[in-house]
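Notes follow the structure.
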Amino acid sequence: YTCDVLRNFSIIAHIDHGKSTLADRLLELTGTIQKKQSGKNEQVLDKLKVERERGITVKAQTASMVYKFGGRDHMLNLIDTPGHVDFAWEVSRSLAACQGALLLVDASQGVQAQSISVFHNAKERGLTIIPVLNKIDLPAAQPERIAAQMQSTFGINPDDIIRISAKTGQGVASVLEAIVTRIPPPTGSTTTPLKAFLFDSFYDRYRGVISLVNVQEGILRKGDKIASCHTRKKYEVTELGIMHPEEVPADSLRAGQVGYVACNMKESSEAHIGDTIHRVGESVEPLPGFQPAKAMVFAGIFPVDSNDFPKLEESIKRLTLTDRSVTVQRESSSALGQGCRLGFLGTLHMDVFRQRLEDEYDANIIITAPTVPYKLIYRDNREVFISNPTEFPDTSDTASKVKEIQEPIVKASIIVPEEYFGDMMELCFSHRAENLDHRYLDSGSATSSRIILTCTLPLSEIVTNFFDQLKSRSSGFASFDYEDAGYKQSDLAKMSFLLNSKPVDALAIIVHRSAQDKIAREWVKKLHKVIPRQLFEVPIQAAIGRKVLARETLSAMRADVTAGLYGGHYERKMKHLENQKEGKRRMKKMGTVELPQEAFFDILSNK
Ligand code: GTP
């Protein structure tokens, strides 16, 4: 594959607007993959099982294809980007290796919240943007109206918009042509010292860490001695090549090319995303790198059977080899035993990881309620980040040593049809929104009545069920995006839950003072519902510091499971007793209260 002409591009879009489907069509049209016989759209680039199940792209995948145009072979390098707000960081790093991007907009849904954020992200990097309207085959498609919307939102000339159906393939050939004619080739000379940009990596059981790189200057050859600008470690290139779509070995990668490199890297942590690779003995100025992705949502993960901890930890380790953005720390809880505290980019990221863990680990796990990292500023100006409610100081402590408590906030934008505007405002207000603002998305357009609403929200307010409520209150029409907006002082406290006067550490949560009474009441009610009666009376309390805010009492019951079974039903009776024994084994002792795992499950999963 020695093509002279190169193009590096990404496809950027709001979730479900058809990125993966278009990527497959491009790969088919260039003969990189075979056309599927079944007619089912099974996307090639979405490699992970969860991605298939959920239809979302999580990890960026890269593929090269050869396209004949004007009598010449062109190598087009597609760098696929994930399509969810949690993965904005992965989108950024993919874009850094491109000169152009296909901005894909669904012709029936129109411009959505992430269409706007990915557009700005690409624009800021100076990429050439090729606007594409997808799904024109749908009866509900309104290409004219959406093209006008793209013009008013992005300042795009409607004549530049390519109309396609990624599903049927209609118009897709023009996309390939536009990639060649509109996107500039990568610059960079093959005679200058080597500079390769590391933008992704994955782990291969046999070859160790495989890095995906974009050679920006010079030529990278098999056998080269290379070094990392970041770690200063040295390696020898044992294999390199292009992704076509799987690895195809080559002798070299030259300036502008995108491909994979194996070089006996043992640990994933050595492949630093955003790193610059150079040849040993040549000194180069590193390319601008990235801030590493910050974990913003934390949760404890525990095995249901505490003997399984080593197995769970092993599975977590294996999974983090392929997903480096997850942070891992050991954690032990008096209620749940030994476990791990994991940090994720967002809640979807957490869900995806959990599902992968369940597939891989093949046993039940308990996940505690998600928490965001809170910032505590002490009187001596020390700043401490706390991402586990159990470590949050009690109120007496807080008063004496902590000067200020801050929480992470985000700048959110919601796009919604006008008729749901009131509901959205209410939703935002009930989640402590500030700086609310709104405007019509397409100014001057008589046909459209969509509104873009912006505000700041505490991150903690959107990590639980905000997204579900947004969808249900807008009949699925609202789209949502957010970006980091720093930290802000907030009136927060740790709420503990006590069973029979003993706090259960795994249940502690951080709450805003304005909502403390409501939350306390709701929670004790919920606990009252899911905790089975015991042989003695159990008070269930919610407290902040020493102050009890709500209480319910679980009345005592004799657990006589054979009551109601009379004479003659010996076998049934035995079976019941057997079941009860089995149930006992699965009980977790919370102080003096026996809590079945399922109850714990119920409490934590409904948060
Ligand atoms: P994420 O990877 O989750 O960001 O989604 P995506 O943007 O890759 O979208 P994907 O390609 O998975 O497509 C989303 C859905 O739209 C799938 O059910 C596709 O079959 C469907 N779809 C994609 N393109 C077209 C099209 O041109 N016409 C029609 N009718 N459906 C399409």
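When the label point is put 7 Å from the Cα of ASP16 along its Cα-to-beta-carbon vector, which residues of the range 405-432 have a backbone N closer than 18 Å?
414-418, 420
If you average the alpha carbon positions of the range 422-491 and of the range 217-290, how far apart do those two centres end up, in angstrom?
Result: 42 Å between the Cα centres.
Classify the range 440-535 from the C-alpha gyration tensor, please: rounded if a/c falls under 1.5, else prolate or oblate depending on whether a/b exceeds b/c.
Because a/c hits 1.5 or more and a/b exceeds b/c, the range 440-535 counts as prolate.
Find out how many positive minus negative residues lie around GLN142, taking Lys and Arg as positive, Asp and Glu as negative, among other residues whose Cβ is under 14 Å from that of GLN142.
Cβ neighbours under 14 Å give a net charge of 0.
How high is the FRET efficiency between THR190 and GLU124 when r is their beta carbon distance and R₀ equals 25 Å, given to the nearest 0.05?
My answer for the efficiency is 0.30.
How much length, in nm to one decimal, is gained on full extension between LYS294 and GLU391, taken as 0.36 nm per residue of separation minus their Cα-Cα distance?
Full extension from LYS294 to GLU391 adds 32.9 nm.
Per residue, how much accessible surface does the range 335-380 expose to a 1.4 Å probe? Answer in Å², no decimals.
Value for the range 335-380: 30 Å² per residue.
If you place +1 on the Cβ of every Lys and Arg, -1 on the Cβ of every Asp and Glu, and leave all else neutral, what size is the dipole of the range 379-440 about its Cα centre, to the nearest 20 Debye?
I would put it at about 300 debye.
For the range 437-521, give the percent of accessible area contributed by carbon and sulfur heavy atoms, probe 1.4 Å, rounded to a whole number.
48
Can you give the extra length, in nm with one decimal, that the chain gains between SER306 and SER555 once fully stretched, where that is 0.36 nm per residue apart less the Cα-Cα distance?
86.7 nm
Taking a probe of 1.4 Å, how large is the accessible area per residue of the range 256-315, in Å²?
43
Carbon and sulfur together cover what percent of the accessible area of the range 160-293 at a 1.4 Å probe radius?
48
So between ILE377 and ASP437, what do we pick up on full extension, going 0.36 nm a residue minus the alpha carbon distance?
18.5 nm
Please calculate the 1.4 Å probe accessible area of SER514, with all protein chains present, and give it to the nearest 10 Å².
90
Give me the percent of accessible area attributable to carbon and sulfur for the range 306-366, probe 1.4 angstrom.
Percent of accessible area from carbon and sulfur atoms in the range 306-366: 40.
The values are calculated or read from the model by the stated rules, or taken from the named source; none is laboratory data. Because the structure is a prediction, the values reported are computed rather than measured. Ideal geometry is used to build each Cβ from the backbone, glycine not excepted, and the neighbour counts take in all protein chains shown. For the accessible areas, the whole protein counts, side chains as well, though only heavy atoms, and no ligand, DNA or RNA atoms are used. Shrake-Rupley method; radii C 1.70, N 1.55, O 1.52, S 1.80 Å.
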